[in-house]
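The block underneath contains the structure these notes are about, expressed in structure tokens.
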Amino acid sequence: MTLTRICVRLAFVLIPAVATSAPLGAQATGPAPEQVRVVDSTKIQVITMRDGSSLVGRIVSVRADSVDFQMALGRVPVAIRDIRDITESDVGRMHAGQYWFPNPNATRLFFAPTGQMLKKGEGYFADYELFFPGFAYGVTDNLSIGGGVSIFPTGFDEQVYYLTPKVGVSLGEQVHLAAGVLVAGTIVGVVLAATYLPTRRVLRVPPREALWAE
């Protein structure tokens, strides 16, 4: 039996097992005990029910098997067994009686970054104009590193590689300062750019040849 046939048979066995086990795991999930708590008026809570619906307000009392949830329309009891997740946000997320969820792309615009930083452990993958996939990862709350490579249908040595390190600090909820660098080029260009600061030998190479050597 060839290796290809073995892999195909394993795929037919494993895929149904994963497909049938995923819904069972989802049914077993629920809010963590520390999420089921009373918060003050400076916070709002979003309860996601097991049926996919959401309630916006805040928990005002907790019992063994249910909570009292205060919403704009009044107070309602909610069974804990029917809750899938509870998230908390500042009350400033409410605008004209509606909840505005956090911006999932607060650290970047359509292409260029903003002054906000990724939190430690956060990250994302993006694809620009199909041929420029890239990533970014928060090393700390004040330092992130990103990069990517083009996927043109040409040779490996003709692709463009880029790095996007970024440092920043938040001075307030609405004020964020950051600075970053975009280093791009072919393989040769990246190596020369990386050796520029410690050796300065790249000073003898014209800038265009240093960044776009073929």
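Just a few scattered comments:
- For the stretch 76-116, a residue qualifies if it is surrounded by 11 or more Cβ atoms within 10 Å (Cβ to Cβ) and touching a Phe, Trp or Tyr at 6+ places or on another chain (Cβ under 7 Å), and the qualifying residues are 76, 78, 93.
- Residue in the stretch 84-100 that is under 30 Å from residue 63 (Cα atoms), basic (Lys, Arg) and modelled with pLDDT of 85 or more present: yes
- Odd one out for residue 172, checked against (1) within 24 Å of residue 93 (Cα to Cα); (2) under 18 Å from the mean Cα position of the chain (by Cα): (2)
Results for (1) in contact (Cβ under 8 Å) with a residue 24 or more places away in the chain; (2) touching a helix residue (DSSP H, G or I) at 6+ places or on another chain (Cβ under 6 Å), shown as yes or no for each residue.
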| residue | (1), (2) |
| --- | --- |
| 34 | no, no |
| 50 | yes, yes |
| 61 | no, no |
| 67 | yes, no |
| 77 | no, no |
| 114 | yes, no |
| 127 | no, no |
| 137 | no, no |
| 142 | yes, no |
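- Boolean, residue 68 is at pLDDT 90 or above and under 27 Å from the mean Cα position of the chain (by Cα): no
- Pair list, Cβ < 7 Å and 6+ apart or interchain, from the stretch 84-102 residues that are of a type in the set (A, V, I, L, M) to residues that are surrounded by 11 or more Cβ atoms within 10 Å (Cβ to Cβ) and modelled with pLDDT under 80: none
- Here is the figure for the stretch 82-131: residues that are assigned to a helix (DSSP H, G or I) and under 25 Å from residue 42 (Cβ atoms) total 3.
- In the set (1) within 16 Å of residue 174 (Cα to Cα); (2) in the same structural domain as residue 150 (by TED's automatic domain parsing), residue 115 fails one condition alone, (2).
- Applying the condition of being surrounded by 16 or more Cβ atoms within 10 Å (Cβ to Cβ) and among the aliphatic types (A, V, I, L, M) to the stretch 56-75 and asking which residue is farthest from residue 32 (Cα to Cα) yields 56.
- Some residue of the stretch 177-193 being of a type outside the set (A, V, I, L, M), at pLDDT 85 or above, closer than 28 Å to residue 117 by Cβ and within 18 Å of the chain's Cα centre (by Cα): no
- Taking the stretch 101-129 as the range and being modelled with pLDDT under 85 and of a type in the set (Gly, Ala, Ser) as the test, the residues that pass are 106, 112.
- Taken together, 51, 68 contain a single residue that is farther than 30 Å from residue 136 by Cα and part of a loop (DSSP other than H, G, I, E, B), which is 51.
- Condition check for residue 168: under 20 Å from residue 115 (Cβ atoms), surrounded by 15 or more Cβ atoms within 10 Å (Cβ to Cβ) and modelled with pLDDT of 90 or more: yes
The values are calculated or read from the model by the stated rules, or taken from the named source; none is laboratory data. None of these values were measured; they are calculated from a predicted model. Here the Cβ is made from the backbone with ideal geometry for all residues, glycine too, and neighbour counts use every protein chain on show.
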